[in-house]
1. Restricting to DSSP H runs of at least four residues, report the calculated mean residue ellipticity at 222 nm for the protein assembly as shown, -39500 (n - 2.57) per run over all residues, nearest 500 deg cm²/dmol.
2. Taking every residue in B:230-242, how many Cβ atoms of other protein chains lie within 10 Å of its Cβ, on average?
3. Could you let me know the centre-to-centre spacing of segment B:107-145 and segment B:150-200, using Cα atoms, in angstrom?
4. Calculated FRET efficiency, residue B:397 and residue B:281, Cβ-Cβ r, R0 41 Å, to nearest 0.05?
5. Quick one: angle between helix B:8-21 and the longest Cα principal axis of chain B, in degrees between 0 and 90, rounded to 10, please.
6. Between segment A:80-110 and segment B:313-382, how far is it from one alpha carbon centroid to the other, in angstrom?
7. What do you get for the angle between helix B:381-408 and the principal long axis of chain B? Use alpha-carbon atoms, 0 to 90 degrees, nearest ten.
8. Could you state the angle between the C-alpha long axis of helix B:247-261 and the longest principal axis of the C-alpha atoms of chain B, as a value from 0 to 90 degrees rounded to the nearest 10?
C-alpha cells in the first residue's frame, strides 16, 4: 500500500481519477468508439451515479473503473495508482483488493452458502486460515443485516437478500470503492429500497465510496452526484441537493433529508 | 509484496465440491479411466502370471538340461521337410556318454516317446508312453511319490514294469492302490511299481498323463523301430551338463559327436537340434513379454480414450460455468487460480477413476486366477504405480486444454455469457 501514498499523496482524497479515457473496440472491421475522452474525479466517501441510455458507454466506463478492462488511451488512477496499464493478473489483484462488485443479477454461485459466497474474495486474497475467512465473512454479512442467514444458499434467499449477500461479498476485503451495476434492476421496489438503504448506510455511516451505474433516474437520485454519459462523453455532472432516502422495509420514497 | 494465490487445499475443496454437484456425470466420466486402469492392472497381472507360470514349467523340467531332438528347428518349430532324415539312436546316446570327448556332459537319457492305449480291467485311456532309463528321472529331478522307480537292472532285463503319472493313476485306478497291479499298454501287460510326483500344469499335454517304462522294454515289446544298421531309434536325448556354466560347452561337444556319427560334411547343416533349456525360457520369456506389452498397449489406448472423455466433460463444464469463472475473476481470481481449479478437477476425476480401476483390476486378476487355476495372475506394485501415474498424467494432459480455456476467459465476456 505504501507506493500509493508516495506516488500521489496530495490527492489521497480523490479515489478515482480518470484522465481523458478513450476506449475503442474492434468489432470485426468496424471500430466502435465506446468512450471518446472521459475525465472524472470521485472523492473518497462520495456516492455517485453514472447515468446514460444504453450505448452511451456507461458499461464500458464501469468495466474500466472496475479494473475489468483497460482503456485504449488515457490514464486511470485508483487511489493514486495507475491501473490503466496493468496486466491481467495485476488487474485481478486490484479487483480483489480495491474494488467490490455488485451486479444486476447478483452473480452468486448457486451451491455456496452465504458465508462461502462472501469468503470467495478472501480465498483469492490468500487468506489461508478458514477461521479467519469465516470471521470476516460473517462480519461482512452482519454489516448488511444478514447475520441470521449465514448458511442459506441463494435459492433459499429473497432477491433483496441475495443482493445483500453480494454486497457483503463486495465489502469483505475492505475495498476502496464499491461498484454497483444496476443493483436494483432485478428487484421489486421493496427489495430495491432495501438494497439502496444498505448502500446509503454503508456510505454515510462507514464512509465507503459507492459508484452506481443505473438508467433509472429514481435510483440515481439516492446518490449525491449524478454523472450523465452520452455517446462516450460526459454530458452532465450535477450534485443532488436532496438525495432520496431509502428506508428498510419500505418502498422507495422521497424525503427531505439533511 | 505478499504472494497471494489460492491455496492448493482450497482448490481441491472447490474441485471436489463441483464434482460432487454432478455426481452422475462425474461417475460416467470416470468410467473411461476406471475401465482403462482396470484393464491395465488385470492384463499386466495376467501377463506376469503367464510369464512366471511358463518359467516354473520350464524349471520343473530340471536344471542344466539340454535336449537333443532329430531334425532342424526352423522358425522355432521342427519343419516337416527336415523331419529325421537321420534319426537319433541308442548308439548316439551311448556316444555322448564319452567322458573324454564330452567332459561337460554329466548324464545322458535317451527317450522313446509314443502315445498308446493303456488299460486296467475295463478302463482304457490314451497316454504318452515314455521309454526311459533311470538317468531320466535323475536329470529331471523327478521322484516317485508311491512305490519306486525302475532300476538299471530292470532296464537291462527288458522288464515289464511301469511307473505312472498321477493323472494315469486317477483315471485308471479310482480308489484302488495301483502298486502291484497289472496294466496293459497296447495289450502288453506291465506291472505298476510306482507313481510319479505330480508336476501339475496342463498346457501342452500334461506330464502327469504319462507312463514310464524301461526304454529297452519299450523298444522290444511296444514300439519297434530300428535304423537300417539295426540300431534302436529314440525320440529325443536328454543331456545334463556338469554345471550351469558348462551348458554351452556340452552343447558343442554333443554337436561335434553327433555330426561325426551322422556323417555330416563340413558346412552342411546339422540333422539334429540341441536345445538349451535357458534358450527355451528366454524364447518364452520374450513371447510373454511381447504379449504383456501388447496387452498393456491395448489397455493404455483405453486409458487415452478415457482421458478424451475427461477432456470432453471438462470442456462442457467450462462452458457451463463461464459465468462462475467470470465472477471468480471479478472478485480477484487470477489465471493460475482458475487453471489450477480446473486442472485439479480433471486430475481428481482421473485419480479417483484410477483408484476404483485398481480395485476392479485387482478383483479381475483374482477372478482370472480363480478360473485359470494353474497360474496366479500377479498384481505388482509396479503395475499399480504405473496405472496411478498414468491416470494422473492422463487427467493432467487432457485437463490442460479445458483449464487453459477457462483461465483465458475474459471476465467481462464471461460475466455476460448467457
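Throughout, read-outs are computed from the coordinates displayed, never taken from laboratory work. Note that the coordinates shown come from a computational prediction; the quantities given were computed from them, not determined experimentally. Every residue, glycine among them, receives a Cβ derived from its backbone with ideal geometry; neighbour counts consider all protein chains shown.
1. -15000 deg cm²/dmol
2. Mean shielding by partner chains, rounded to a whole number: 0.
3. 9 Å
4. Plugging the Cβ-Cβ distance into 1/(1 + (r/R0)^6) gives 0.60.
5. For B:8-21 against chain B, the angle is about 90 degrees.
6. Their Cα centres are 33 Å away from one another.
7. The helix B:381-408 is inclined about 30 degrees to chain B.
8. 40 degrees
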